[in-house]
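Single-structure report; data block below.
The values are calculated or read from the model by the stated rules, or taken from the named source; none is laboratory data. In this text the structure is predicted, and so the values were computed from the model without any measurement. Ideal geometry is used to build each Cβ from the backbone, glycine not excepted, and the neighbour counts take in all protein chains shown. Calculation scope for accessible area: heavy atoms of the full protein, side chains included, ligands and nucleic acids excluded. Shrake-Rupley method; radii C 1.70, N 1.55, O 1.52, S 1.80 Å.
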Amino acid sequence: AYPRSIAARAPTASMAALQSLDALDAHMASASYVEGFSATQADVSLFNSMAKPSESYPNALRWWLHIASFSPAKCAALPGKPVALAAAPATAATPAKPAASEAPANTPKSDKKDKKKGGEKAETPAKEKKEKEAPKKEEKDPVKEAAKEREKLLKKVIKEGGKKGVEIEGASDMGGLEFFCTTIESPDGDLELLQLAMTSMNADPEEGAEDRKGCSGHVGKMVFSAGVKQLAIVSYVPEDKLSKVPIKEWTDSVVAAVGGKVIKGPTDAVSPKGGKVMEAVVEADPDKGKFPLKDKDSAMSAAFAFLRSKGAFPDEEDDDDDEIAFGDDAFEEMGF
């Protein structure tokens, strides 16, 4: 947690409410910060009052990782006053079920003679006995099952994004790569999931983790995910490269080349390197011969062409023994 060096102000009702992960996740679905359009002491105070959200809360986790990337000095310099928030309450444990009451000591035992009737043993019929012993099948709650499947998908997307980020970091180390374009399969054309994958690609590695994930926030990227109904596109340019490759020019040129549309203009990226992100889609139209997989190849070619025009990616004819040309299939050649 970051230090609070300024006198804290009393929390507002809305601030206290955001300590609930459900409320925070819902808030961050349409916002980047607790208050306004930039980080303030309110973000630091809320961050200090809670633990890292699980992957079940992707929007809250995105915000938490963003604030966690700030240095103590940067946090202290943020505008506003700290908010005095109590630690977020832990989830209450489920009370134990009371033990079944024992039968009174004076309950009479069944007379052994009652077990016999007409000289024959009063036994339960075999069919009835099997029915009693057979375990009852629990009916699955469709809402809970859908939530479980969604959680599995989010973990899959985060894992794929983190792995691709490490691959891009390796390519950057080998060839001085500043920008890259690649595909992410698990989002299946979903923009929200593709943005989550981009956040995972840019994240700093977790301390003590067995596998290295993310680590490519210093590399500008455009990632694509082809689904049945559309091709999703998310672009990212770190803060120190925005002057070299303006993200709006880059994204607009790709969208124009494949007949797509921008869904979200430049917004602050969730990345330790800062920068901007944009979102776009290219809708499928079989009658016009537009298919997401086909558009993905065309869009990627347009993205690389723009980078070459800005001197941000090596020209194919300039490749020699001392240079590496990177494409979407280059990872296999490099052993990743």
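Things worth noting here:
- Remark on Gly260: its backbone amide H falls under 5 Å from none of the residues 5 or more positions apart or on other chains, H modelled at 1.01 Å from N.
- The residues of the stretch 181-262 present an accessible area of 41 Å² per residue when probed at 1.4 Å with all protein chains retained.
- Greater than 18 Å apart at Cα, pairs in Lys74/Lys273; Lys261/Lys310; Lys156/Lys276; Lys52/Lys148: Lys261/Lys310; Lys156/Lys276; Lys52/Lys148
- Here the Karplus relation 6.51 cos²θ - 1.76 cosθ + 1.60, evaluated at θ = phi - 60°, turns the backbone of the stretch 180-189 into coupling constants of 7, 10, 7, 10, 10, 7, 4, x, 6, x Hz, with x for every Gly and Pro.
- Surface composition of the stretch 42-82: carbon and sulfur make up 62 percent of the accessible area, probe 1.4 Å.
- ³J(HN,Hα) computed for each position of the stretch 53-60 - Karplus, 6.51 cos²θ - 1.76 cosθ + 1.60, integer Hz, glycine/proline x: x, 7, 5, 6, 10, x, 6, 5
- Using the Cβ-Cβ distance between Lys261 and Ala29 with R0 set to 25 Å, the FRET efficiency works out to roughly 0.75.
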